[in-house]
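Inspection log for the structure reproduced underneath, given as structure tokens.
The values are calculated or read from the model by the stated rules, or taken from the named source; none is laboratory data. Since we're looking at a predicted model, the values are computed, not measured. No Cβ is skipped: glycine too gets one built from the backbone with ideal geometry, and neighbour counts run over all protein chains shown. Areas reflect the complete protein model, heavy atoms only, side chains present, ligands, DNA and RNA absent. Shrake-Rupley method; radii C 1.70, N 1.55, O 1.52, S 1.80 Å.
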Amino acid sequence: MSAPDEIRSVETESAEIAAARAKVRRRRSIALGVALALFALTFYVLTIIKMGPALFDRAL
């Protein structure tokens with residue numbers, strides 16, 4: 001257990017720090033979204049390539 005003299009005061013974030021953190025978080029979210037989209041697109045393209053050109057010559 002901590003003694004009363006060891007209790008630290010809670011510092012509040014300034015508006016600039018909060019805005020900077022939100023900006024960094026938004027950039028990271030956008031980067032993750034783009035990476036996920038590229039990952040999905042890669043699997044889609046590789047699947048089409050693996051099926052080959054005969055995929056489009058089949059009878060419906």
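Do we find that residue 35 is under 9 Å from the mean Cα position of the chain (by Cα) and either open to solvent by 70 Å² or more (accessible area, probe 1.4 Å) or at negative phi (or both) in this structure?
Spelling it out, residue 35 is indeed under 9 Å from the mean Cα position of the chain (by Cα) and either open to solvent by 70 Å² or more (accessible area, probe 1.4 Å) or at negative phi (or both).
Out of the residues in the stretch 44-60 meeting the condition of being surrounded by 10 or more Cβ atoms within 10 Å (Cβ to Cβ) and among the hydrophobic types (A, V, I, L, M, F, W, C), tell me which one is modelled with the lowest pLDDT.
55
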